[in-house]
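The next block holds one structure in the form of structure tokens; read it before the comments.
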Amino acid sequence: MFTTDQYELVDFGDGRKLERFGAYLLDRPAPVVEDVPRGDPACWTKADARYERTRGEKGVWRTDPSLPDTWSVQHGSARFELKRTNFGHVGLFPEQAAVWDWVDRQVKRANRPLNVLNLFAYTGGSTLTAAGAGARVVHVDAARNVVGWARRSAALSGLAEAPIRWITEDAAKFVAREVRRGNGYDAVILDPPSYGHGPKGEVWKLADHFVPLLENCGQLTQGRRAFFLLTCHTPGFGPPELEACLADALFGHCQGGVQAGKLWLKTSDGRRMPAGAYARWPG
């Protein structure tokens, strides 16, 4: 997990979350806690920036003038460049820190060089973790600017020359092409969105494309699989659904040692905010 000087969930409730990223306190939407009361209403007045949606998924930041355009935080050996986006993101999903810790352990305990495929890789938390632990990584994301962002974080982390292939591509198309080429990987990491577009306008819908992608990923790792990690933030895809989908894709049945659970963020006083789900093998 993050040390509290790098990241802290300070409070949440009434459809929002108050988080500290490094030295800066950010107030952002969190629909999952719409019906939850805030724990400490007074602390929200200290926010350095507040994000408000204006239309659709976009919005505006109300920001203290002293807040820099970019800054960074660190988790383990990985350092992440942060910045405010029009979608209210900052380039980091802190609930993934527990996931990165697990990836680090899997790479190190393999006792052999691993080829890792990271799909929907965003700004590269899992990529930096796996590469920092000694793996060769193929990093795939559909957004060219986000791949560039991940590369800057790699440089901040001392991984500019690490064996990472940076690919701007639709994840499903890339995986299908790798299957046709007969290529293989020792591990796959993926965090698919509910809905999205590839670099050439390809439409991704989790409900339609998720299972075929998982099946192809299972084929890519068959006979050499060291680990497999799936995370998801889509309503209706909780731990039981992810566990069943992953076990079926990897083993053809609902067995095989797949483990699933919920992702959480926790305040210092122990309040937990739900933040998605995971399924992984081995458990």
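Some notes on this structure:
- Estimated vicinal HN-Hα couplings, Hz - region 209-224 in sequence order (Karplus 6.51, -1.76, 1.60; Gly, Pro = x): 10, 5, 5, x, 5, 4, 5, 5, 5, x, 5, 4, 9, 5, x, 9
- Simple point charges give the picture: +1 on the Cβ of Lys and Arg, -1 on the Cβ of Asp and Glu, and for the chain a dipole about the Cα centre of about 660 debye.
- Whole-Hz couplings from phi, Karplus 6.51/-1.76/1.60, listed for region 69-81; x for Gly and Pro: 5, 9, 7, 9, 10, 10, 9, x, 8, 9, 10, 10, 6
- Along the axis of the charge dipole computed for the chain (Cβ charges of +1 for Lys and Arg, -1 for Asp and Glu, origin at the Cα centre), the listed residues T127, L250, G184 are led at the positive end by G184.
- Sequence-distant aspartates and glutamates (8 or more away, or on other chains) whose Cα lies within less than 14 Å of K108: D186
- CD proxy at 222 nm, helix term only [per DSSP H run n ≥ 4: -39500 (n - 2.57); per residue of the chain; nearest 500]: -8000 deg cm²/dmol
- Annotation: amide H-H contacts under 5 Å for G276 (H modelled 1.01 Å from N, sequence separation of 5 or more, or interchain): L263.
- If both residues of a DSSP beta bridge must be in region 7-83, then about 90% of such bridges are antiparallel.
- Under the simplified labelling scheme, the K58-A176 pair shows an inter-label distance of 3.0 nm, with each label point 7 Å from Cα along Cα→Cβ.
- The simple spin-label model puts a point 7 Å past each Cα toward its Cβ; for Y195 and T45 those points are separated by 4.0 nm.
- Neighbourhood charge, 12 Å Cβ-Cβ cut-off, centred on D269 and excluding it, Lys, Arg +1 and Asp, Glu -1: 0
- Top of N145, N118, N216 by mean-square fluctuation, Gaussian network on the chain, Cα under 10 Å: N145
- Amide proton proximity set for R16, modelled H, under 5 Å, gap of 5+: A30
- Excluding same-chain neighbours fewer than eight residues apart, the lysines reachable from K58 by a Cα-Cα span under 18 Å are K17, K83.
- Extended-chain gain in nm, criterion 0.36 nm per residue less alpha-carbon gap, E161 and K108: 17.1 nm
- Antiparallel DSSP beta bridges within the chain, percent to nearest 5: 65 percent
- Per-residue ³J(HN,Hα) for region 12-28, Karplus 6.51 cos²θ - 1.76 cosθ + 1.60, θ = phi - 60°, Hz, x for Gly and Pro: 7, x, 6, x, 9, 9, 10, 10, 9, 10, x, 8, 10, 9, 10, 10, 9
- Alpha-carbon centroid distance for the pair region 1-68 / region 174-226, whole angstrom: 33 Å
- Separation of alpha-carbon centers, region 251-283 and region 109-138, rounded to whole Å: 20 Å
- Magnitude of the charge dipole, region 7-83, Cβ model with Lys/Arg +1 and Asp/Glu -1, debye to 20: 220 debye
- Cleavage-rule hits (GluC sites (Glu not before Pro)) in region 36-104: DSSP loop, at most 15 neighbouring Cβ within 10 angstrom: E57
- Between the residues P29, G56, T45, the greatest Cα displacement towards the positive end of the dipole of region 7-83, with unit charges on the Cβ of Lys, Arg, Asp and Glu, is found for G56.
- In range of the label at V36: residues from region 263-283 whose backbone nitrogen is under 11 Å from the point 7 Å along Cα→Cβ: 264-267, 270-276
- Rounded to the nearest 20 debye, the dipole magnitude of region 189-283 is 320 debye, with +1 charges on Lys and Arg beta carbons, -1 on Asp and Glu beta carbons, and the Cα centre as origin.
Computed from the coordinates by the stated procedures, all read-outs in this text should not be read as laboratory data. Not measured: the values here are computed from a predicted model. Cβ sites come from the backbone with ideal geometry, for glycine too, and all protein chains shown count toward neighbours.
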